[in-house]
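Reading through the structure tokens given below for one structure.
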Amino acid sequence: MKFLLAIILFLIISFTLLCQTKNISGSDDVVAKAGDIKISAREFRERFDFSPHPRTTESLDTALVKKEYLYTLLAEKLLAQKAKELKLDTTQFIQNMLTYMGRLFVRDALYKKEISSKVKVTKKEISEAKERMKKLLVTKYLYSTDINEIQRLYADLNNGIPIDSLIAVRPEAEEQKTPGTITFGTLDENVEDAVYSLKVGQFTKPIYTGNRWYIFQLEKIIDQPYFNTPDNLIKIKQTIEKRQAAALEDDYLNNFLQQFQISVDRALFTKILIQMHKYLHERQESYKKNDKPKYYYLVKEDFSRIEDSLGAEVLRANFIKYKKNPESVKQFLDQLKINGFRVDTTDYQTVARAFNNYVKNYLESELLAREGLRQNLDKESSVRNDLSLWEDYYLSQRLIKQIQDSIKISDAEAYEFYSKNHKIMFPQERFNVQEILVDSLETIQKALDDLNKHVAFETVSEKYSILDSLRERGGNLGYLPPTQSGTIGEIKKIVKNMKVGEVYGPIKLSDGFALLKLVDIQNAEDSKDTSFAQIKDELKDVIRNIEFEKKLKSYVANLALKYGVEINKNVYVSIPVFQFNTVTIRLIGFGGRIYAFPYEPLFAGWYSLYLQKKSQLPQ
């Protein structure tokens, strides 16, 4: 199996490489300017390195892609400036997104200050870890989610009943046909400490880890060589750092959160819950019996209906009563839209529990963000730079959507296009695609891990995809229909640049995160002409996309003439970049994850049009 994107890079690699780019010579040199907005060497390199670059050939022409990617970033900055001129930065959508992203970055800055900066790995810890890596512990174990049951099993062991006899009649037996092994870093630190303290034949007390209670018995110890390689040392340091950070975070949160007494208006909680349950239940009822998803989500339209049902007076009411700056129902719902809400079943009690947990976690995150704001962490250059980067992206995307929405195609225009092109096969190619569709970046990571272990794509889709119908078909979408709009249109834009057998992703779709595999391409030589009535809607999509691309190119070229564009070729040519495709996920301190950088598909065609228009201006 060939991968266009073989891995996701997570926090440790992201921080390491980002620090390298921030320390390289000339990282603050200006690569280009779009009006008043500058693109630094640092921004260019980070966004290029940590973004996917779909290719149509076996090799990646880095010089060409670098140039086209620079034009793409210039277009983003030009559109962002125009969006501010149009006051799109004052719209509710942009304000909500900036509030959300700003709080993420402030929380992350607080984490770095209070947690990351205090992590220190000692030589003694490294030495102890090396000694543990020389021992492979073979274990057997019992587990239960019920503390009373695990206590009974512990009593049975203490009364002399062999662990094998207990395992034989329990579900753990299936998992332990091959003995489990433990060495440094394979399990939580408390489990590891307990097992390494045992002698052969001894067992631990019940230990709570991974939402279960466990009892481990040490069967034997296998000596294994430890190789003092850089990779092993990095692994040891990362494990110790992660464990120290987790302990520091627990201590910090326990001390920090106990000083607050925050009240949530119970009556308003119930009013919101009733509306959420209503629309989630409607969504469940709308699915066919054989197409039930793993989870049910509230979507944009649901939130609009919830707000309409609650009414203006309720939306203005204070829902969360902090000591200062209470949060209204409307403010809370605006952030809930961005965070999202899901349940696996829509009975009232399940929705109520999920909503209660959401509010609890949201309160914790908000209190941490407010603490960061109290410490003026929003003024730090790293926070301001991160937020500015995403502001330009969201503003440009909002303006692009306005341009796209402005294009209307009539039946008459579609028929004229059809009359001129009725002998052209439609569509020219058909793509047979498989999909893994999940609801979170965490699950994407698990799916990619399986694929990298050469687990079949079909098997991974059956394991993780959120739609029953997709799981049942092993992720097979079949040959995509001819439409160019919606989710299918998004998928087609990607797979048309892929080769058969390649896998691409993750990509963000309207209904989740997806990994795609191109199974086959079918040419349309044998297709029959299709009547206008059959393909009218698809033709409108095709024409709309053609007109949109033309309009956007011209629009951006005109913005370049208006605001001005400058490129420092010597700087951008000299910037070293990685020649691989990757999507990087940034882990946020105190929980959460986002794409490390905004993803912009290549949009470079406007630049030649800009040069053409510029050459026609009077000298």
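For P230, indicate whether it is farther than 19 Å from L166 by Cβ and touching a residue at least 60 places away in the same chain (Cβ under 8 Å).
no
Considering only the stretch 312-360, state which residues are of a type in the set (S, T, N, Q), at positive phi and touching a Leu at 6+ places or on another chain (Cβ under 8 Å).
Pass one, the stretch 312-360, residues of a type in the set (S, T, N, Q): 318, 325, 328, 331, 335, 339, 345-346, 349-350, 356-357.
With the extra rule that they be at positive phi, the set shrinks to 325.
None - no residue of the stretch 312-360 is of a type in the set (S, T, N, Q), at positive phi and touching a Leu at 6+ places or on another chain (Cβ under 8 Å), so the list stays empty.
For the stretch 241-251, check the following and say yes or no: at least one residue is open to solvent by 40 Å² or more (accessible area, probe 1.4 Å), out of contact with any helix residue (DSSP H, G or I) (no Cβ under 9 Å at 6 or more places or on another chain) and of a type outside the set (F, W, Y).
yes
Does the stretch 8-27 include one or more residues that are at pLDDT 60 or above and either in a helix (DSSP H, G or I) or not basic (K, R) (or both)?
Within the stretch 8-27, the first condition is being at pLDDT 60 or above, and the residues that meet it are 27.
With the extra rule that they be either in a helix (DSSP H, G or I) or not basic (K, R) (or both), the set shrinks to 27.
Among the residues of the stretch 8-27, at least one is at pLDDT 60 or above and either in a helix (DSSP H, G or I) or not basic (K, R) (or both), which makes the answer yes.
Which condition from (1) open to solvent by less than 70 Å² (accessible area, probe 1.4 Å); (2) part of a helix (DSSP H, G or I) is the one that I215 breaks?
Evaluating I215 over (1) open to solvent by less than 70 Å² (accessible area, probe 1.4 Å); (2) part of a helix (DSSP H, G or I) leaves (2) as the failure.
Looking only at the stretch 422-454, count how many residues are in contact with a Gly (Cβ under 7 Å, 6 or more places away or on another chain), at pLDDT 85 or above and charged (D, E, K, R).
Applying the first criterion (in contact with a Gly (Cβ under 7 Å, 6 or more places away or on another chain)) to the stretch 422-454 yields 432, 434-439.
Filter once more, keeping what is at pLDDT 85 or above: 432, 434-438.
In the following step, the residues that additionally are charged (D, E, K, R) were identified as 435.
Total meeting the criteria: 1.
Restricted to the stretch 179-203, and to residues that are in contact (Cβ under 8 Å) with a residue 12 or more places away in the chain and over 38 Å from the mean Cα position of the chain (by Cα), which residue is most open to solvent (accessible area, probe 1.4 Å)? Working first, answer last.
So the first thing to find is which residues in the stretch 179-203 are in contact (Cβ under 8 Å) with a residue 12 or more places away in the chain, and the list is 179-185, 187-192, 194-196, 198-203.
When the remaining residues are screened for being over 38 Å from the mean Cα position of the chain (by Cα), the result is 198-203.
Working: L198: 25, K199: 144, V200: 89, G201: 45, Q202: 83, F203: 55 Å².
Within the stretch 179-203, the match that is most open to solvent (accessible area, probe 1.4 Å) is K199.
Among residues belonging to the stretch 568-619 that are of a type in the set (S, T, Y) and assigned to a loop (DSSP other than H, G, I, E, B), point out the one that is least open to solvent (accessible area, probe 1.4 Å). Outline the logic, then answer.
Restricting attention to the stretch 568-619, the residues satisfying the condition of being of a type in the set (S, T, Y) are 572, 574, 582, 584, 595, 599, 607-608, 610, 615.
Going one step further and asking which of them are assigned to a loop (DSSP other than H, G, I, E, B), we end up with 582, 599.
Details: T582: 0, Y599: 83 Å².
So, considering only residues that are of a type in the set (S, T, Y) and assigned to a loop (DSSP other than H, G, I, E, B), the one least open to solvent (accessible area, probe 1.4 Å) is T582.
For a quick check of your reading of the model, give me the residue pairs whose first member lies in the stretch 338-367 and is under 14 Å from E327 (Cβ atoms), whose second is part of a helix (DSSP H, G or I) and modelled with pLDDT of 95 or more, with beta-carbon atoms closer than 7 Å and at least 6 apart or on different chains.
What qualifies is S365/R107.
Tell me the helices (runs of 4 or more DSSP H) entirely within the stretch 380-484 that contain at least 2 residues that are touching a residue at least 60 places away in the same chain (Cβ under 8 Å), charged (D, E, K, R) and more than 30 Å from K113 (Cα to Cα). Walk me through how you get there before you give the answer.
Values: elements: 381-405, 411-421, 441-452, 457-464, 468-472.
Hits in the stretch 380-484: 411-421, 468-472.
Consider V556 carefully, then state whether it is assigned to a strand (DSSP E or B), modelled with pLDDT of 90 or more and open to solvent by less than 60 Å² (accessible area, probe 1.4 Å). I'd like the intermediate steps shown before the answer.
Numbers: assigned to a strand (DSSP E or B): no; modelled with pLDDT of 90 or more: yes; open to solvent by less than 60 Å² (accessible area, probe 1.4 Å): yes.
Answer is no for this residue.
Of all helices (runs of 4 or more DSSP H) completely enclosed by the stretch 111-178, which ones contain at least 2 residues that are of a type in the set (G, A, S) and open to solvent by 50 Å² or more (accessible area, probe 1.4 Å)? Working first, answer last.
On the way: elements: 123-133, 147-158, 163-168, 172-175.
It comes to 163-168.
The values are calculated or read from the model by the stated rules, or taken from the named source; none is laboratory data. This one's a predicted model, so the numbers in the text were calculated from it and none came from an experiment. Backbone-built Cβ (ideal geometry, glycine too); neighbour counts: all protein chains shown. Just the protein is used for accessible areas: all its heavy atoms, side chains included, with ligands, DNA and RNA removed. Shrake-Rupley method; radii C 1.70, N 1.55, O 1.52, S 1.80 Å.
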